[in-house]
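Before any comments, here is the structure.
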Amino acid sequence: MPVTFKNFLKLHRVSLILAVLSFVFYYTFAYHLDRTDFIKLLSLFIALFFFCFKLIQFEKMNFRLLLGIGIIFRLIFLFTEPNLSQDFYRFIWDGQLISSGINPYLHTPDELMPNMVSIIPNAKELYDGMGSLSARHYSNYPPLNQLIFALATILGGKSIFGSLIAMRSIIILADNGIIYFGRKLLKNLNRSPHLIFWYFINPLVIVELTGNLHFEGVMLFFFIVAMYLLSLNKWKTAGVVLACSISIKLVPLLFLPLFFKYLGWKKSIVFYMIIGITSISLFLPFNTPEFIDNYSKTLKLWFSNFEFNSSIYNIAKKTAIHFDEKPWEFIKEYGKFTPLFTIATVGLFTFLPKRYDLNRVLWSMMWVLTIYYFISTTVHPWYAIFLVLLSIFTTYRYAVVWSAAIVLSYFAYSQADFKENLWLLGIEYISVYGYLFYEIIAHNNKK
């Protein structure tokens, strides 16, 4: 055994042991976990977050080692079916529709299913797998995301398993792009490059993106590239790339007003036009008279019908019920308030700050998204990943705490009726709010 390799093992012995233990735990997560086993799921997550913390603490300056570890952890999931989410069935369904020349925005799976068995492969399995909730609603995935679904089904052939591997490979490549451009952006903003590992080896990121095939990672890839281009003053190209991010997931739309003071009004007008033209161009292949109506109906559901892992909404709902208001009526009223409050929040963060460099833009994005999630009726675990990435460009770390605490919301997955445990949600949000207030006080004391 070469001396240098022996020295490497000796120097990094503890970190390598942690990496091996993480490998075993991720393997168990991927291949030997049922989502109804909440105790096992929670134990695995707690251990993996501890290992993640120690690995960054011990090896934060060893880029190659942490990069290799992060890639290996992702590859563990390559050949397994997601065990915490069934959304991938709808992804493949939509991809198969596009591959067959059918617009996925025009009909629900319930409407199409009687005629689909002979048209798309594995139609019955995909339809049963996506569940009744997804099957009765129109697709809510933006156009570039749909094209990726189609690409995955083409690469995967007629096999569900092949499509899974294709989608997972795309997500892994996107995560590698995030660490590449994320480090560059951190350097350009005079921040430590090792902070990107709070994203790259974060267990929630690995499990929810690579493991459960949520495309937030692809959205964040385009987003971080756009921010990197802005740091180089290539704002026109950044506009095109940011439009691609929006066309994967709509979340970055929240941040568009924040660029107004950063770019100035002349550049901002051109920047918004570039984003608008690019976005419209991506939507055009799917545009029909019914498209806008169907897509709008689906988006409205997120504000007025669905609820999961909410904080302020849960408190408000309990209070309203105490005064004899019906829950199904209250959520619709609350859903009307959420967009208005979000718009007001974005306006405050757009016009109040006097200094507006790119650091301030990213800081404002973090707060806008945080407030939006705090008032939302639905906060799925993978939603917190965007906050984790934004937080590494600031001095706040409550988002990392949330990425660990949000695991408690998985309790609902262990229940046949997906009923939430409000005590566990209370622990989650007390942890998040508590650490957030601690950081705010600490920052004010420093000032």
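The values are calculated or read from the model by the stated rules, or taken from the named source; none is laboratory data. The model shown is predicted, which means the values in this text are computed figures rather than measured ones. Cβ atoms come from the backbone with ideal geometry, glycine included; neighbour counts cover every protein chain shown. With ligands, DNA and RNA removed, areas are computed over all heavy atoms of the protein, side chains included. Shrake-Rupley method; radii C 1.70, N 1.55, O 1.52, S 1.80 Å.
Before moving on, here are some points about what is shown:
- Helices (runs of 4 or more DSSP H) contained in the range 273-387 and holding at least 1 residues without any contact (Cβ under 8 Å) to a residue 60 or more places away in the chain and within 30 Å of Leu189 (Cβ to Cβ): 327-351, 358-375
- Checking each residue in the range 232-262 for being under 16 Å from the mean Cα position of the chain (by Cα) and in a loop (DSSP other than H, G, I, E, B) picks out Ser247, Ile248, Lys249, Leu250.
- Sub-9 Å Cβ pairs linking a first residue in the range 32-57 that is surrounded by 14 or more Cβ atoms within 10 Å (Cβ to Cβ) to a second residue that is among the charged types (D, E, K, R), at least 6 apart or interchain, are Leu33/Lys40; Lys40/Asp34; Leu41/Asp34; Leu41/Arg35, ordered by first then second residue.
- Among residues of the range 392-418 that are more than 19 Å from Ser43 (Cβ to Cβ), those with a beta-carbon under 6 Å from a residue that is small (Gly, Ala, Ser) at least six positions away or on a different chain give the pairs Ala399/Ser391; Trp402/Ala384; Phe418/Ala412.
- For the range 1-35, a residue qualifies if it is over 24 Å from Ile56 (Cβ atoms) and of a type in the set (Ser, Thr, Tyr), and the qualifying residues are Thr4, Tyr31.
- For Asn115, the conditions (1) within 18 Å of the chain's Cα centre (by Cα); (2) open to solvent by 20 Å² or more (accessible area, probe 1.4 Å) all hold with the exception of (1).
- Breaking point among (1) crowded, with 19+ Cβ neighbours inside 10 Å; (2) within 30 Å of Tyr295 (Cβ to Cβ); (3) small (Gly, Ala, Ser), for Gly70: (2)
- Members of the range 134-160 that are out of contact with any Phe, Trp or Tyr (no Cβ under 9 Å at 6 or more places or on another chain) and open to solvent by 30 Å² or more (accessible area, probe 1.4 Å): Arg136, His137, Leu147, Leu151, Ile154, Leu155, Gly157, Lys158, Ser159
- Test result for Phe222, open to solvent by 10 Å² or more (accessible area, probe 1.4 Å), touching a Ser or Thr at 6+ places or on another chain (Cβ under 9 Å) and either acidic (Asp, Glu) or closer than 21 Å to Val346 by Cα (or both): no
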